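Q: Next up is a structure, given as structure tokens.
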Amino acid sequence: MKNIVLYKSKYGNTLQYATWIAEELDWEIRDFSKFKKTEISNYQNIIFGSGVYMGKMNKIKKVLKWFKEKPIIIFACAGNNNVEKDINDIKNNNFNEEQLAFHKFFYLPGGVDFSKVKGVFKIMLNVFKKYLEKKKNKTKDEKAILKGFYNPTNYVNKGHIEEIVSYAKKIEDFK
Ligand SMILES: Cc1cc2nc3c(=O)[nH]c(=O)nc-3n(C[C@H](O)[C@H](O)[C@H](O)COP(=O)(O)O)c2cc1C
């Protein structure tokens, strides 16, 4: 039986992690949009990873619908550098308790470069940025968000895949 890493990435960080993970495990890798539901039964183990935008993991609704019967490994890649509160928000925004117990969730730190954002997101972000710039008595979080608009961050590092790779190796041996 085969194993595969599926990913959805807009700015490349999730793709980088998916590539490293697939190389390390010697698994297939594919953009989730090129994967068909009918192929699920061809694979023994599946990892799905995607970027987080406005709190939501890309394609997670479809993934949770497709993998109701088959537990998989899921990783989110977002802008924070392993901040527990932000990771909990991502979990709560995208999964219910049963889904979190059924699948195995990991967080991998990405980063943000707002200069790369285009289209509707760019318009929304500019409105938000202007609002924050004008706002008096900004909270700590709001100051951090504003800082991110001016200074791109990048926490992508191969070392972060260790935990997910060792978990995947364990279940691969077990099955
Ligand atoms: C428009 C936009 C919205 C974002 N929203 C969030 C968010 O709600 N929470 C978060 O932690 N990171 C957020 N981020 C950061 C992304 O999740 C981060 O850049 C991630 O690495 C994207 O993955 P990708 O490079 O594979 O597309 C956002 C980034 C952009 C550009």
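Q: Considering only residues of the stretch 70-82 that are at pLDDT below 95 and surrounded by 20 or more Cβ atoms within 10 Å (Cβ to Cβ), which is farthest from the ligand (Cβ to nearest atom)?
A: Filtering the stretch 70-82 down to residues at pLDDT below 95 leaves 79-82.
Going one step further and asking which of them are surrounded by 20 or more Cβ atoms within 10 Å (Cβ to Cβ), we end up with 79-80.
Details: Gly79: 3, Asn80: 5 Å.
Residue satisfying both the conditions and the ranking: Asn80.
Q: Would it be correct to say that Phe48 is within 15 Å of the chain's Cα centre (by Cα), more than 30 Å from Lys147 (Cα to Cα), within 12 Å of the ligand (Cβ to nearest atom) and without any contact (Cβ under 8 Å) to a residue 60 or more places away in the chain? Talk me through it step by step, then tell me what you get.
A: Working: within 15 Å of the chain's Cα centre (by Cα): yes; more than 30 Å from Lys147 (Cα to Cα): yes; within 12 Å of the ligand (Cβ to nearest atom): no; without any contact (Cβ under 8 Å) to a residue 60 or more places away in the chain: yes.
So Phe48 fails the test.
Q: Please note which helices (runs of 4 or more DSSP H) are completely contained in the stretch 96-175 and include at least 1 residues that are closer than 29 Å to Ile72 by Cβ and polar (S, T, N, Q). Explain how you work it out, then say what you get.
A: On the way: elements: 97-102, 119-134, 140-150, 162-174.
By residue number, 97-102, 162-174.
Q: Only one residue in Lys122, Lys85, Lys59 is within 12 Å of the ligand (Cβ to nearest atom), among the charged types (D, E, K, R) and touching a Ser or Thr at 6+ places or on another chain (Cβ under 8 Å). Which one? Even if it seems obvious, please write down each step before you answer.
A: Details: Lys122 fails: touching a Ser or Thr at 6+ places or on another chain (Cβ under 8 Å); Lys85 fails: touching a Ser or Thr at 6+ places or on another chain (Cβ under 8 Å).
Just one listed residue meets the conditions, Lys59.
Q: Ok, one more. Could you check, for the stretch 106-117, whether at least one of its residues is farther than 17 Å from Gly12 by Cβ and free of Cβ contacts under 8 Å to residues at least 24 places away in the same chain?
A: First, pick out the residues of the stretch 106-117 that are farther than 17 Å from Gly12 by Cβ: 106-107.
Filter once more, so that each one left must be free of Cβ contacts under 8 Å to residues at least 24 places away in the same chain: none.
Looking through the stretch 106-117, none of the residues is farther than 17 Å from Gly12 by Cβ and free of Cβ contacts under 8 Å to residues at least 24 places away in the same chain.
Condition check ((1) at positive phi; (2) crowded, with 17+ Cβ neighbours inside 10 Å; (3) assigned by TED's automatic domain parsing to the domain that holds Lys158; (4) of a type outside the set (A, V, I, L, M)) across all residues:
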| residue | (1), (2), (3), (4) |
| --- | --- |
| Gly12 | yes, no, yes, yes |
| Leu15 | no, yes, yes, no |
| Trp20 | no, yes, yes, yes |
| Ile40 | no, no, yes, no |
| Ser50 | no, yes, yes, yes |
| Met54 | yes, no, yes, no |
| Lys62 | no, no, yes, yes |
| Lys68 | no, no, yes, yes |
| Glu97 | no, no, yes, yes |
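The values are calculated or read from the model by the stated rules, or taken from the named source; none is laboratory data. The model shown is predicted, which means the values in this text are computed figures rather than measured ones. A quick note on method: Cβ atoms are made from the backbone with ideal geometry, for glycine too, and the neighbour counts reach across all protein chains shown.
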